[in-house]
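The values are calculated or read from the model by the stated rules, or taken from the named source; none is laboratory data. In this text, all values refer to a predicted model and were calculated from it rather than measured experimentally. Every residue, glycine among them, receives a Cβ derived from its backbone with ideal geometry; neighbour counts consider all protein chains shown. For accessibility, only protein heavy atoms count, side chains too; no ligands or nucleic acids. Shrake-Rupley method; radii C 1.70, N 1.55, O 1.52, S 1.80 Å.
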Amino acid sequence: MNVFVLNCGSSSLKYQLINMKNEKVIAQGLVEKIGEEISFLKHTSNCDEIVIEENIKDHNQAIELVLEVLQSREHGVIENMDEINVVGHRVVHAGEKFSGSVLITKAVIDALRENIKLAPLHNPANIIGIEVSKKLMPKTPDVGVFDTAFHQSMPAESFLYALPYEWYQENGVRRYGFHGTSHKYVSERGAEILNKEYYDLKIITCHLGNGASVAAIDHGKVIDTSMGLTPLEGLVMGTRPGDLDPGIIPYIMKERNMTIEEVDQAFNKASGVLGISGLSNDFRELTEAAEKGNKRAELAIDIFCRRVKKYIGAYIALMDGVDLLIFTAGIGENAVDVRAKILSNLENLGIIINQDKNKSRGKEIKISSDSSAVDVYIIPTNEELVIAREAKKIIENNIKNLIIDILNENN
Ligand code: AMP
């Protein structure tokens, strides 16, 4: 079975074609600057790497071009569309509707539309991707895999805010959590590496990228995560502040005569380590600047690390311990000094780091010392593989159910 994984953003899309027999990536790529004068398609397969520059006016044209390249005589990896057995779509927000992946029907698309208000930046592009895929590949089933789904196991004590209860009942205000496919992948992979039962472990996963979140996974179930109704809550991020005193909002609106849209924009684009440093949201630049004596860059990194440490401590308390602590995503996999800072002085919690091993970047490796009670690992994330596995599972289950229905009808 070949799964075509599609991740549509507002002006970009990423794709992978994965052979599920061996879980090998046959081809992958991305289209950037959709709708702008010059757009790019970067496509890589086993045998070549190409960049196509042209005006790609919308997602329809972008997906058409990708499908063309996948089948082309020069760069193609498949003979025809029949070799794509299922399309797996990344969808950011499923609200409370879906706690797992689903075969996409018209009713599912309608439900996703209802969630646009919860993820106005992401869900519209995800829905366009699904509609275009249905149009261009009408015979191929589509499966939706949701960023929020993995966190649906959280108990009400974790997902409810201390706000008027009607806000939850009538407006859906609760903590949903994001990066679910990444937390799922690295936690399951971690159990596999330790050769232990997933359901026996207490795991904390730190997805530290431009967007960042932590999850506490207790015996196979997420019991808390740092992101909330939107991806603004929790950790300090590249351009987002994470946890805040809500009193800041009316105060700053009055003080600086700002509109709610301007505040929202500042929270999404101008805060986090960028806001503190006034320099960059990129940890490579911040580290370099801090090393050259830039105090605000240093402070931004320190504030980021302190927040992650605070969540790790809180989640150890919630689970009454932790067996496995995992770092993933751009910063988690690569930023050696950031990991060292987060993990410093945690000996009393059973976490001791091997400083040499912690110098590793971007590969699966244990970075805790042998005397550490808690295993600490870097595990590069692979959200596309989770989406492909989920898509395969949903299709196989549907075929199985169909056969059972036919057998029942015939009996
Ligand atoms: P992601 O959102 O997972 O792609 O992560 C992006 C972030 O990872 C970038 O903003 C960088 O701050 C960070 N990053 C990537 N590579 C490195 C590296 N070699 N050292 C430090 N930070 C890195």
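Solvent-accessible surface of the chain, averaged per residue with a 1.4 angstrom probe and all protein chains in place: 49 square angstrom.
Leaving out ligands, DNA and RNA, what percent of the accessible area of segment 99-211 is carbon and sulfur, probe 1.4 Å? Its accessible area is 54 percent carbon and sulfur atoms. Inter-part distance, segment 84-99 to segment 109-140, computed on C-alpha centroids, equals 9 Å.
Loop-located GluC sites (Glu not before Pro) in segment 168-249 (DSSP state other than H, G, I, E, B) with a sparse environment of at most 14 neighbouring Cβ atoms within 10 Å: 197.
Looking at segment 74-152, the trypsin sites (Lys or Arg not before Pro) that sit in a DSSP loop and have at most 11 other Cβ atoms within 10 Å of their own Cβ are 139. Summarising the amide proton neighbourhood of residue 72: residues at separation of 5 or more, or on other chains, whose placed amide H is nearer than 5 Å comprise 77. Averaging the sequence gap over all C-alpha pairs within less than 8 Å and six or more residues apart, then dividing by the number of residues, gives segment 41-131 a relative contact order of 22 percent. The slack between residue 255 and residue 371, meaning 0.36 nm per residue of separation minus the straight C-alpha distance, is 36.5 nm.
In percent, rounded to a whole number, the relative contact order of the chain is 13, using alpha-carbon pairs under 8 Å and six or more apart. For segment 76-205, averaging the sequence separation of C-alpha pairs within contact (under 8 Å, six or more residues apart) and dividing by the residue count gives a relative contact order of 28 percent. In order along segment 41-52, the Karplus-derived 3J(HN,Hα) couplings, from 6.51 cos²θ - 1.76 cosθ + 1.60 at θ = phi - 60°, round to 10, 10, 10, 10, 9, 3, 9, 7, 9, 10, 10, 10 Hz, and Gly and Pro are given as x. Relative to the 2.2 N^0.38 Å rule of thumb, segment 227-281 has a C-alpha radius of gyration ratio of 1.09. Going toward the positive end of the dipole of segment 7-99, with +1 on Lys and Arg Cβ and -1 on Asp and Glu Cβ, which of 30, 47, 9 do you reach last? Going by the Cα projections, it comes out as 9.
Packing-based ranking of 73-79, 209-215 yields 209-215, 73-79, ordered from highest to lowest mean Cβ neighbour count within 10 Å.
How far apart, in nanometres, would the label points at residue 295 and residue 24 be if each is projected 7 angstrom from Cα along the Cα-to-Cβ direction? Once both label points are built, they end up 5.7 nm from each other.
Return the calculated 222 nm mean residue ellipticity for the chain, to the nearest 500 deg cm²/dmol, obtained by summing -39500 (n - 2.57) across DSSP H runs with n ≥ 4 and dividing by the residue count. Walk me through the numbers on the way to the answer.
Values: 14 runs with 161 residues, N = 411.
Taken over the chain, the calculation gives -12000 deg cm²/dmol.
For residue 366, the lysines whose Cα falls under 20 Å of its own Cα, not counting residues fewer than eight places away in the same chain, are 184, 196, 202, 309, 341, 357.
For segment 356-411, with all protein chains present and a 1.4 Å probe, just round the carbon and sulfur fraction of the accessible area to a whole percent.
The C+S portion of the solvent-accessible surface of segment 356-411 is 48 percent.
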